[in-house]
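Everything below concerns the one structure shown next.
Just so you know, all these numbers are worked out from the coordinates, no wet-lab data involved. Remember, it's a predicted structure, so these values are computed and weren't measured experimentally. Here the Cβ positions follow ideal geometry from the backbone for every residue, glycine too, while neighbour counts run over all protein chains shown.
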Amino acid sequence: MSKLYIPFILLLLFSTLSLTKAEIKSLTINSDTRPMILFEKFGFTHKGHVTISVSSVSVSLLSSTTSQPESSRLGFFLLNEESLLQVLIEIQQNPSFCVLQSHYIFRLFTFRDLSPPPSASFNHSYPVTSPNEYSLFFANCAPETSVSMSVRTEIFNLDSDGSKDYLSAGQTQLPSLFFIFFLSYLIFFVFWLYTCYNNKLSFHRIHLLMAVLLLMKALNLICAAEDKHYVKVTGLPHGWDVLFYIFQFIRVVVLFTVIVLIGTGWSFLKPFLQDREKKVLMIVIPLQVLANLASVVIGETGPFIKDWVTWNQVFLLVDIVCCCAIIFPIVWSIRSLRETSKTDGKASRNLAKLTLFRQFYIVVIGYLYFTRIVVFALRTIAAYKYQWVSNAAEETASLAFYIVMFYMFRPVERNEYFVLDEEEEDAAEIALRDEEEFEL
């Protein structure tokens, strides 16, 4: 198997996991020996354009026995996923085959087109009239060489009025989508404050933290909407990406904290946390710091950096660990309630609490499964024109999860889960005897 085969697969796989913004990008490549560098993926309409400017290009030999490479064996090209398999077959059949010679690629230019040294530069714009999702690659088919250069890319589609749209064809709806969900969470936040104000006697500290969660989610969405809007219109985020990452970090940390605290029953069932519950928070919060750091690196750099795939792997691993960790407090609470129900004589109340936490357990599992597995499947199978559907599905699932969670633990004076009904006490005792009903 050619060593070009693995970079192709890994880069294209993780570029599917991460929706990189196709804004105007300027970057510097220093002494890079990789045979293939993926810059970005972009969904073109029939009025697509790619503008590439390279300067200060230099090719260095890594060995004194290496001959000067042919300039035509280094260059940029576009590749769509339909042609990927054919290119991989060509590489496997002939390990010395240069992808720039393939008939299945859209070759942009090679180093043969560069201006003479010392400038060694090139600047050109290419129309893309065949609608599809393309990946922009740089190929170095000269072994034992390293490449240094400054690269500026500008990829966009032209709208019907002639204006530039720097968002991929499947993401151009995202500014409006995020703004709609921002309004939804803002209304939700106001309604939650109203509910808490009207039920002061049942208000707990956890309800205040839940209000903070809604506010952070709303701010995160409005920053995402503005970020995408400015990228769409100008190709640059104008600082909104910084605010987006700040509120995303706060929102994710608060979300996992709220789930853990609700799972432990903190503030409304007990005023303190046990040592093992504190340890879960001490594990989850630092891991979320690492996950958000990886998210920033993934979003603000791109697949052209050498460790981009590694950062993707770190993000996925940390996210899986955090998702598993937040389940434990809920399981502990369910087991604790089952044990308590055998001794305290309050069958109806314990049955209500046990039912509540079992339902919460199912809701959390469903939320994590949908946002991690189903959303990824949608991103993978959806046509490039409908990439926004996965974002819509993820935000819809998140809003539904928030609504259900907030409704289950709302601050009302006579919450149906905590009402003692003497007529139901005998039935509750019978239900609690059935241990298998509450097995996880």
Efficiency of FRET from Cβ geometry, Leu27 and Glu82, R₀ 25 Å, rounded to 0.05 | 0.35
Taking a 20 Å limit on the Cα-Cα distance, which of the listed pairs Lys228/Lys385; Lys25/Lys232; Lys306/Lys385; Lys232/Lys306 fall beyond it?
-> Lys306/Lys385; Lys232/Lys306
Would you mind classifying segment 25-165 by shape? Square roots of the alpha carbon gyration tensor eigenvalues, ordered a ≥ b ≥ c; an a/c under 1.5 is rounded, otherwise it is prolate if a/b is larger than b/c and oblate if not.
-> oblate
Two-site FRET efficiency, Arg276 against Leu209, from Cβ-Cβ distance with R₀ of 30 Å, rounded to 0.05 | 0.90
Sort the following peptides by mean Cβ neighbour count (other Cβ atoms within 10 Å, averaged over residues), highest first: 112-124, 184-196, 321-333.
-> 321-333, 184-196, 112-124
Report, as a whole number in µm² per second, the diffusion coefficient that Stokes-Einstein gives for segment 173-417 at 25 °C and 0.890 mPa s using the Kirkwood radius over alpha carbon pairs.
-> 126 µm²/s
Would you kindly state how much longer the chain becomes between Gln92 and Asp113 on full extension, computed as 0.36 nm times their sequence separation minus their alpha carbon distance, in nm to one decimal?
-> 4.7 nm
